[in-house]
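Shown next, in C-alpha cells, is the structure this report addresses.
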Amino acid sequence: GSGESLSNGIKKHRTSLPSPMFSRNDFSIWSILRKCIGMELSKITMPVIFNEPLSFLQRLTEYMEHTYLIHKASSLSSTTERMQCVAAFAVSAVASQWERTGKPFNPLLGETYELIRDDLGFRLLSEQVSHHPPISAFYAEGLNNDFVFHGSIYPKLKFWGKSVEAEPKGTMTLELLEHNEAYTWTNPTCCVHNIIVGKLWIEQYGNVEITNHKTGEKCVLSFKPCGLFGKELHKVEGYIQDKSKKKLCALYGKWTECLYSVDPATFEAYKKNDKKNAEEKKSSKQVLVGNTEEPDEMPLPDSESVYVIPGSILLWKITPRPPNSAQMYNFTSFAMALNELDKEMESVIPKTDCRLRPDIRAMENGEIDLASEEKKRLEEKQRTARKNRSKSEEDWKTRWFHQGPNPYTGTQDWLYSGNYWDRNYFNLPDIY
C-alpha cells in the first residue's frame, strides 16, 4: 500500500517520549544484587524502575543509527578505505550506549521487531530465537540492495560486586554486495560501574578484530579500559593491516565521539612523543600510588576531545543528543523513535512486534506500576507456555531465523529464513 515507502507508516519521527523517566534515587539496587554475586544476571528478575522503555531487540537496532557509513563504504573503490568505513561503523554501533544506564527489557521468546527507515536506506528485522540462553537474531538490508548486515547476540552478564559486565557473544557479519565482500567482527565488552552507590557510568573495553574475508585484510581495534586516572577513558585505537600483517593505516578516537585515520608512521611517532611527555611529567611528580582498584567515580577524561594528529582524516563523528535526552533515559534522537506506533502501522506489523508489548508501552507512558504488573504477567505467561510445551514434548519453532553455520566463519549462527516482508503472518505465538 501507500504506507510501504514510509518508515513503517510514520512520516515524521517523534522527538521525545510521552513521559520523562522516573528518578531511580529511591531504589536500592544493592538490595537485589547482593544475593547474586557471581551469578548469571539473565536469571534475576529486576524491578522495572531499572529499565528503559525499549526491548533489547530495539536496543540492538541502534547499531543502524550510522548506516550512512555502510553506504559510503559501498561507494569506495579502495579496499583499505572501505575497511576504514566498516571500522567506523563498528565503533559507531556501540556509541549509543554512552550514559545509557537503563536496562532494556528482556525480549520474550518469539518477540520480533522491525524497522524500515527510508531516510537512512535500510530495513531490519529481529527475533528472540532462544530464551535460555537469551539469544537475539537480526537481519538488516539496504533498500538499494547495496548491503546485508546480520548477526545474533547472546549477552553474557556478570556481576562483580561494584560493576556489571556484559560480554556480547555473537558475530556481526556485513556483506557489501557490489564488491562481493564480507566482513565479520564481535563487539567489545561493556561494563556498568557503581551499580550500588554513586553515579552509574559505562565503559567498553577489549579487542575488536574485523576481517575482510575476500582480501584477508584485518582491522584490529583496541577499546581501552579506563585505568586508574582515566587517561584512557573511551579511547579506541588500532591498525588496518593486509594479509601479510603490514600496517596500512592507523585508526584512533573515542567510541563516544569520533574516529580518525592516519598514516601508521605518523601515529607511532606521535605515540612515542606522547609517552615521553607522560614519563617526564610522572618523574617530576613522583606519584606514590600502589592502588590497582577499579576507580569508583567516573574519571574525567584528560580533555573532552581527541587530539587530532596532523594529517588525519575524520571517518565518523557522533550526532549530538537532543536537548531533552537526560530526562529521556539518555536516548539519542534515533532511539526516541524506536517504539513509535501509529494506527496505520498497527494493522501491518505482526502481533509479536515489541511495539505492542504492554509493559514497555506503560513504562514509556510513565505508568510505572502498570508496567511492573504487566512485566510480571508476561513473564508468568512465558513460564506457563514453556511448561505446557515440555508436557506435550513440543519443541519451540523459531519463525524467521534458523540455526546454521555462518558462511564466512563456519561458527554456529542464526540465519534469516526469508519471507518476513511478504506480510503474511499466520500461526504466530500469542506472547503478550
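Observations, loosely collected:
- Checking each residue in the stretch 109-127 for being of a type in the set (D, E, K, R) and open to solvent by 10 Å² or more (accessible area, probe 1.4 Å) picks out Arg117, Asp118, Asp119, Arg123.
- In the stretch 390-399 there is no residue that is surrounded by 13 or more Cβ atoms within 10 Å (Cβ to Cβ) and not in a loop (DSSP other than H, G, I, E, B).
- Any hit, the stretch 302-310, residues being modelled with pLDDT under 90, surrounded by 13 or more Cβ atoms within 10 Å (Cβ to Cβ) and under 23 Å from the mean Cα position of the chain (by Cα): yes
- Residues (farther than 30 Å from Ser163 by Cα, of a type in the set (S, T, N, Q) and either crowded, with 21+ Cβ neighbours inside 10 Å or modelled with pLDDT under 95 (or both)) located in the stretch 223-265: Ser261
- Considered as a group, the residues in the stretch 339-372 that are of a type outside the set (S, T, N, Q) and loosely packed, with under 15 Cβ neighbours inside 10 Å include one that is modelled with the highest pLDDT, and that residue is Lys351.
- Candidates Trp400, Trp421 - the one that is in contact with a Ser or Thr (Cβ under 7 Å, 6 or more places away or on another chain) and within 18 Å of Thr61 (Cα to Cα): Trp400
- Pair list, Cβ < 6 Å and 6+ apart or interchain, from the stretch 320-344 residues that are touching a residue at least 40 places away in the same chain (Cβ under 8 Å) and assigned to a helix (DSSP H, G or I) to residues that are exposed (fewer than 15 other Cβ atoms within 10 Å of the Cβ) and not basic (Lys, Arg): Gln327/Pro20
- Here the strands (runs of 3 or more DSSP E) wholly within the stretch 128-213 that include at least 2 residues being at pLDDT below 90 and open to solvent by 10 Å² or more (accessible area, probe 1.4 Å) are 147-159, 164-169, 189-193, 201-212.
- Count of the stretch 215-264 residues which are more than 21 Å from Leu314 (Cβ to Cβ) and of a type in the set (Phe, Trp, Tyr): 1
- Of all residues in the stretch 66-108 being in contact (Cβ under 8 Å) with a residue 60 or more places away in the chain, farther than 18 Å from Gly151 by Cβ and of a type in the set (S, T, N, Q), the one that is least open to solvent (accessible area, probe 1.4 Å): Ser74
The values are calculated or read from the model by the stated rules, or taken from the named source; none is laboratory data. In this text, all values refer to a predicted model and were calculated from it rather than measured experimentally. Note that we place each Cβ from the backbone using ideal geometry, even for glycine, and neighbour counts take in every protein chain shown. Just so you know, the surface numbers come from the protein's heavy atoms only, side chains and all, with ligands and any DNA or RNA stripped out. Shrake-Rupley method; radii C 1.70, N 1.55, O 1.52, S 1.80 Å.
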